Structure formats: C-alpha cells, structure tokens
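Below is one structure, written out as structure tokens; the observations come after it.
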Amino acid sequence: MKEILKEISPESINQYIEKNLDDFYSKSSKHSNFDSRIEDKISWVFAKKADWPDGIFRANFENLDVKKQIIEVKKLIQEGKAPNGWTVGPLTRPKNLGKTLEKCGFSNVYQQAGMSVELKEVIDKTIDNSDLIVERVDSEEKLTQWSEVVSKAFGLRVDYDLLKFLYLQDEVYFYLGRFEGKSVSTLMLYLSSGVAGLHAVSTLPEYRAKGFGLSISRTALIDACGMGYYIGVLEASSLGEKVYRKLGFQKYCDIISYALSNIEKK
C-alpha cells in the first residue's frame, strides 16, 4: 500500500505539493506523443502535438556548474529540442536557480501559489452553489467533452491520446461539471506521493464567477478522502488562490515558470 500523508507539516508540505506535479509530468512523459527526458539532474516532458503538459522540471544542479547546465538546456530550447518553460519550486536545486535563469536570459512568465488543505476541513465547508452537477468521467464520450472544455477554457491544445492513456491509470480521475445540460467545468484528480492533487481545474469563460470551480474541487477532494487520503494539494494563480482559501487551502510555497522570449514551437 502506498504511504499516505496524514497531516500537514509546514516544514515539508511544499515538497509534496511540487512532487505531485512532478509525478504527473513524469507519468505523461511515458506516452509516445511526448519527447521527454527524465534524469537525476533535470527532467522534462515535451509535447509533440499539444501545449499541455509541457515543461522542464525537477532541476538538481547541486555540485554542478549551474550556469553551464542552464546554457546547455537553453541551446536545446532554441533548437526546438526541449520545451520553453522551466518550472522552479521547492525541490529545485540550487534554491536560487530562478535568479540564475534570469541572468541567462529567461523571464519569470507565470507564478503560482503552492497550496494545501486537510481534507476534513473541505468536508466541513459548505458551498453555496448547488446548480453544478459534477460527475466522474466514465466513458470516452465524456472524456472528449472534458478535453473540449479544457481546450476552450485555457486556450490550448490538449493531446486526446494522452488523456486516454491517463484515464486508464489507477491514480488518475477526471471530473466533468454540467450546468443546464452543458459541460462547463473540468478537473483532474491525481493521487501520488501520498497526497491528492488537483489539476486542470477549468470553467468556460461565460460560466465563471458562479462558484463552479469550488464545487467541482470539493467533490473531487471528498472522493479522495473516501479513498483514504488526508491531504489535498494544488497550484493556483493569484486569483485562484483567493478562491481556494474558501475551501480551507493555505499557501505554502511559490511555483514559478520561466521561459525564453521569441521562441516558437516547431
């Protein structure tokens, strides 16, 4: 049985937050539609036919020439052989890697809050909106709808073959939210490293500000609790951070994405 984290420790929870994300990237990298590299010093998942998931992660340049390592990866990005997106979080080494990336021409393009909550708190929370009907994806038809909503909500290409691959994995669950008969919200629950991670939480633009994100998130987290999990984690934008605090989530770390400018995906 997998070891499940039972309580939040402020000193270590940030590692679980990033590890859950890294696990998802590593799992996605196993699909043939991705050119990936998984090594001790650096890893990435590089989508051939999509925009997500796509990025460099888990860099560990401890005891190495950091600038030299960055320049080598930068060259691969410029040649179209590595993804132009570098995730820096609590597990990154050295801890000041972001500053060195900026000195090497990378820019801080996106910053998220690494957040966590004890699931018993979520169960006790009451969500005002009850108009969203949330269901777990259990067919290819619903998985197709899930893909369409995510693509429209985030404005990116999603690899449907990857979704089918993930759908068959024991640690992955997809959720679809319907409003007045239309699919409008999505979420992917990823169970790994002892925690329940929320990913791809989306709502179509015309249906936002109705509490649908909270409703679908609460449903997935309650399910995770029923599966024996105690802790939920996610990465949220500045706007999303305010929303998730309503479920009891607290911020424990920053997850920052760096990229080079003027790089077009080949």
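So which of Lys75/Lys95; Lys30/Lys95; Lys99/Lys120 end up more than 30 Å apart, counting from Cα to Cα? Display every interim value, and only then the final one.
Values: Lys75/Lys95 22 Å; Lys30/Lys95 28 Å; Lys99/Lys120 38 Å.
Distance filter (> 30 Å) returns Lys99/Lys120.
Using the structure shown, select from Lys48/Lys152; Lys125/Lys182; Lys6/Lys125; Lys152/Lys182 the pairs with a Cα to Cα distance greater than 23 angstrom. Can you show the working numbers first?
Numbers: Lys48/Lys152 20 Å; Lys125/Lys182 26 Å; Lys6/Lys125 19 Å; Lys152/Lys182 14 Å.
Beyond 23 Å: Lys125/Lys182.
Just tell me which aspartates and glutamates come within less than 15 Å, Cα to Cα, of Lys27; anything on the same chain fewer than 8 places away is out.
Glu18, Asp35, Glu39, Asp54, Asp159, Asp161, Asp170, Glu171
Hey, can you rank 45-56, 9-20 by average C-beta count inside 10 Å, highest first?
Values: 45-56: 20.2, 9-20: 18.5.
Ranking, from highest mean packing down: 45-56, 9-20.
Just tell me, in residue order, which DSSP H segments of the chain are both 15 angstrom or longer along the helix axis (alpha-carbon based) and at least 0.0 in mean Kyte-Doolittle hydropathy.
212-226
Kindly provide log₁₀ I(q)/I(0) values, in the same order as q = 0.17, 0.20 Å⁻¹, from the Debye equation applied to equal alpha-carbon scatterers of segment 116-253.
So the normalised log intensities work out to -0.90, -1.27.
Quick check: convex hull over the Cα atoms of the chain, volume per residue in Å³, rounded to an integer?
Details: hull volume 34.0 nm³, N = 266.
Per-residue hull volume (Cα only) is 128 Å³.
When Rg is the radius of gyration of the Cα atoms in segment 130-173 and Rh is its Kirkwood radius, what does Rg/Rh come to? All intermediate terms of the calculation are to be shown ahead of the outcome.
Details: Rg = 11.3 Å, Rh = 11.4 Å.
Ratio of gyration radius to Kirkwood radius for segment 130-173: 0.99.
Take the alpha carbon gyration tensor of segment 1-71, find the square roots of its eigenvalues, order them as a ≥ b ≥ c, and report rounded if a/c is under 1.5; if not, report prolate when a/b exceeds b/c, else oblate.
Note, shape of segment 1-71 comes out oblate.
FYI, it's all coordinate maths here, none of it is from the lab. As the structure is a prediction and not an experimental result, all values here were calculated from the model. Note that each Cβ is placed from the backbone with ideal geometry, even for glycine, and that neighbours are counted across all protein chains shown.
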